[in-house]
Each structure stands twice: as C-alpha cells, then as structure tokens.
1. Being at pLDDT below 95, of a type in the set (S, T, N, Q) and closer than 20 Å to Arg82 by Cα narrows it down to one of Gln179, Gln141, so name that one.
2. So if I check each of Leu166, Leu125, Leu118, Leu135, which one is surrounded by 15 or more Cβ atoms within 10 Å (Cβ to Cβ), at pLDDT below 95 and on the phi < 0 side of the Ramachandran plot?
Amino acid sequence: MHRREAVRLASTLDPSVVLYSDLDNALRWIEADRIEVERHLEELPADFVVIGRTDRAMNACPRRLRDTEAIVNHIYQLATGRTWDLMFAVRAMSPEAASVVVEHGSEDTIANDVEWPLIVEQGGLGVAYRDADGLSYRIRQDFDADADDHDDDPIQWVARVEIANLHAQTLKRILDAWQPGRHG
C-alpha cells in the first residue's frame with residue numbers, strides 16, 4: 001500500500017517518468033553507477049520498465065536471495081515467457097502506467113513486484129525490462145559491511161522463503177483471475 005502511495009505522490013508532481021525504488025536500493029545504485037541510473041531513465045522503451053539485476057549483480061547477492069528469487073522469476077517466466085528479475089523493486093513508468101498502478105493495484109505487500117507489470121500490461125500499456133550492474137543488496141545491519149554473511153542463518157532463509165511465497169501467491173491470484181480453474 002505504501003509503495004502505491006509513493007507512486008501516487010510522485011505522480012502529483014507531473015513528471016515525465018515516475019521511478020519507484022526502495023530508497024536504500026536507489027541510493028546504493030546511484031552510488032555504484034550514477035551514469036547507469038541516468039541512462040536507464042533518459043528514455044523508457046515502454047510505459048512500464050522493470051529494472052532488474054544483471055547476472056553479475058545477481059551473482060553478488062547472497063545465496064538465499066538468488067535461490068528463492070529464482071523460483072518466483074521462473075513462475076513468472078512460465079506464465080509470460082519473460083526471463084525477468086522481478087524482486088528488486090526498481091520500476092520506471094510513464095504517468096499513464098503510474099495511474100494504472102495507483103488505480104488498479106491491489107497487492108498491499110512487497111509482492112506488488114509481480115503484480116504491477118501484469119496489471120499495467122492488462123491495462124493495455126507496454127512493459128519492458130532492463131538490467132543494471134549497479135543494483136546491490138544489503139540488509140540494514142550490514143550497510144557498512146563489505147558483504148552479507150547471513151546465509152548461514154536459518155531465520156534469514158525462512159524470511160526469504162516467506163517473501164518468495166508472497167510473490168508466488170500473488171502470481172497465483174492473478175493467473176487464476178486470467179484463467180479460472182486452470183491453475184488449481
């Protein structure tokens with residue numbers, strides 16, 4: 001819900017592009033490669049752009065993210081044919097796409113990562129994907145650390161599985177609405 005509200009508030013500024021990102025992700029991306037950020041926002045290839053991680057950036061992520069996010073990305077690929085990195089929550093959108101997100105988005109968890117591109121496309125607007133090397137992951141406790149070292153913590157794994165499950169359940173809800181009864 002807070003993510004949609006952020007998009008709504010950004011839309012009131014009459015922008016040419018609305019960028020949604022978790023603030024820590026955006027700041028780390030700007031710090032890592034400001035030129036890449038600018039390049040991705042100069043001209044959008046569609047009304048809604050999912051910006052994900054390159055293979056190099058994904059391989060730098062902790063294993064618990066790579067393994068659990070791969071499942072969600074695979075489900076999305078089976079449903080759409082697209083091999084996109086969905087769970088990093090960086091989205092660039094036209095004002096029209098932002099309006100669709102605000103008016104038709106209903107997912108009040110971080111699983112709107114998978115909902116937004118699907119509802120924008122269902123609304124008749126174009127969706128596209130770009131990847132970025134400068135996207136990286138840290139939990140709050142590790143902002144000053146060189147690397148995340150929590151892959152040996154079972155609770156951290158449980159948390160990532162729970163997040164992946166939210167995304168999978170959202171995909172199921174949307175897919176069931178598109179083709180009732182097909183997905184059990």
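The values are calculated or read from the model by the stated rules, or taken from the named source; none is laboratory data. Predicted, not measured: the structure shown is a model, and the values here were computed from it. Here Cβ is always computed from backbone atoms with ideal geometry, including for glycine, and neighbour counts include all displayed protein chains.
1. Numbers: Gln141 fails: closer than 20 Å to Arg82 by Cα.
Result of the check over Gln179, Gln141: Gln179.
2. On the way: Leu166 fails: at pLDDT below 95; Leu125 fails: at pLDDT below 95; Leu118 fails: at pLDDT below 95.
After applying the criteria, what remains is Leu135.
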